[in-house]
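Since every read-out is calculated from the coordinates, none of them should be taken as a lab result. Keep in mind that this is a model prediction, so the values were computed, not measured. Every residue, glycine among them, receives a Cβ derived from its backbone with ideal geometry; neighbour counts consider all protein chains shown.
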Amino acid sequence: MELVTPQIGLIFWTTIVFTLLLIVLKKFAWKPILDSIDERNKSIEDALKAADKAKEEMASLNADNQRILIEAKKERDLLLKEAREIKETIISEAKKNATVEADKIIISAKSQINNDKMKALVELKNHIAGLAIEMAEKILKSELSDKNKQKELIENALKSSELNQVK
């Protein structure tokens, strides 16, 4: 059991080594450790300040973005209104032009129809006259095929003509 119970010499030397270790650590380790901890605290504070500043800038940018967005919507609405007005103007002009063109086409068509009608009437009259002449010719041929009928027709024609009438 001697190993388990410490002796005074061991305690003395352990205390001296521990004290020397504390002195060496204080002189060489605590100051750099504390300096690095202070530096770390300062960098964290700086980072927090930068984050707060960035947050403020983001809020400012968001406000600017909202303002720009509202202005863009106003401009878009204005452009859409102008586009609608232009569209309505173009449509009304196109309707007006279409009406004028339709009237011109209708007048032209009526004129063409009248011309075609007159042409058809003239052709019909010419055709009827040609048919009448053909029929008269056929009737005369059939009537004049007999010599007695020819003489009778000539005599009737002479009687009715002005040659036989004395003035």
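Computed quantities for the displayed model
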{"item": "Sum of -39500 (n - 2.57) over DSSP H runs of 4+, divided by residues of the chain (222 nm, nearest 500)", "result": "-32000 deg cm²/dmol"}
{"item": "With Cα atoms, 0 to 90° folded angle of helix 8-24 axis to the chain main axis", "result": "50 degrees"}
{"item": "Rounded tilt (10° steps) of 147-160 against the dominant C-alpha axis of the chain", "result": "90 degrees"}
{"item": "Rotationally averaged projected area of region 57-141 (alpha carbon convex hull; nm²)", "result": "8.8 nm²"}
{"item": "Cα lying deepest toward the dipole's positive end in the chain, options LEU10, ILE86, LEU34, charges on Cβ", "result": "ILE86"}
{"item": "Among (1) 141, 26, 8; (2) 26, 17, 15; (3) 23, 17, 14, the entry that matches semi-axes √(5λ) of the Cα gyration tensor in Å as calculated here", "result": "(1)"}
{"item": "C-alpha long axis of helix 31-143 to longest principal axis of the chain, angle in °", "result": "10 degrees"}
